[in-house]
Amino acid sequence: MTEGDAGGFATAEHSGEFFDPRGVIERNAIALLSNYNSPAQPLDPPSLTWLGLHADRGSVRLSGLWNVNHVTETYDPIFLDLLEDLASHH
């Protein structure tokens with residue numbers, strides 16, 4: 001994702017397209033927390049006893065997450081503003 005399309009949430013409000021904040025947050029949070037693209041410098045590495053280290057799926061072992069949807073994607077930092085805005089209203 002690029003800052004220009006912001007995962008669909010920067011332009012969706014103006015274009016009349018369906019805007020799904022839950023999907024934007026889910027996709028970007030998984031991409032942010034995934035260690036898949038940075039195994040040498042993980043943001044939050046799994047513990048040495050995490051069962052996922054023995055998973056058959058390499059994407060689980062490399063990402064450090066059981067949910068492997070979006071683990072290979074790059075997160076868009078703009079989503080943090082959306083998350084903050086939604087959290088401050090609830």
| remark: Of the residues in region 57-74, those that are within 12 Å of the chain's Cα centre (by Cα) and over 16 Å from Q41 (Cα atoms) come to N67, V68, N69, H70, E73
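How many residues does region 51-82 hold that are in a loop (DSSP other than H, G, I, E, B) and aromatic (F, W, Y)?
Applying the first criterion (in a loop (DSSP other than H, G, I, E, B)) to region 51-82 yields 55-57, 64-78.
Pick out the ones that are also aromatic (F, W, Y) and you get 66, 75.
The number of residues fulfilling the criteria is 2.
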| request: Could you check how many residues of region 43-60 are without any contact (Cβ under 8 Å) to a residue 12 or more places away in the chain and surrounded by fewer than 18 Cβ atoms within 10 Å (Cβ to Cβ)? | output: 11
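How many of the residues making up region 38-71 are of a type in the set (S, T, N, Q) and closer than 28 Å to D85 by Cα? It would help to see each step written out before you state the result.
Step one: of region 38-71, the residues of a type in the set (S, T, N, Q) are 38, 41, 47, 49, 59, 63, 67, 69.
Within this subset, residues satisfying the condition of being closer than 28 Å to D85 by Cα are 63, 67, 69.
So the count comes out to 3.
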| said: Criterion first (over 23 Å from P21 (Cβ atoms), aliphatic (A, V, I, L, M) and without any contact (Cβ under 8 Å) to a residue 60 or more places away in the chain) does A40 satisfy it? | reply: yes
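Restricting the search to region 31-40, which residues are buried (at least 20 other Cβ atoms within 10 Å of the Cβ) and under 8 Å from the mean Cα position of the chain (by Cα)?
Taking region 31-40 as the starting set, the residues that turn out to be buried (at least 20 other Cβ atoms within 10 Å of the Cβ) are 31, 34, 36.
Within region 31-40, A31, S34 meet the criteria.
To keep it simple, each residue is scored yes or no on (1) modelled with pLDDT of 85 or more; (2) basic (K, R).
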{"residue": "D5", "(1), (2)": "no, no"}
{"residue": "T11", "(1), (2)": "no, no"}
{"residue": "H14", "(1), (2)": "no, no"}
{"residue": "R27", "(1), (2)": "yes, yes"}
{"residue": "Y36", "(1), (2)": "yes, no"}
{"residue": "P39", "(1), (2)": "no, no"}
{"residue": "P42", "(1), (2)": "yes, no"}
{"residue": "S47", "(1), (2)": "yes, no"}
{"residue": "L51", "(1), (2)": "yes, no"}
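The values are calculated or read from the model by the stated rules, or taken from the named source; none is laboratory data. This is a predicted model, so every value here is computed, not measured. Note that each Cβ is placed from the backbone with ideal geometry, even for glycine, and that neighbours are counted across all protein chains shown.
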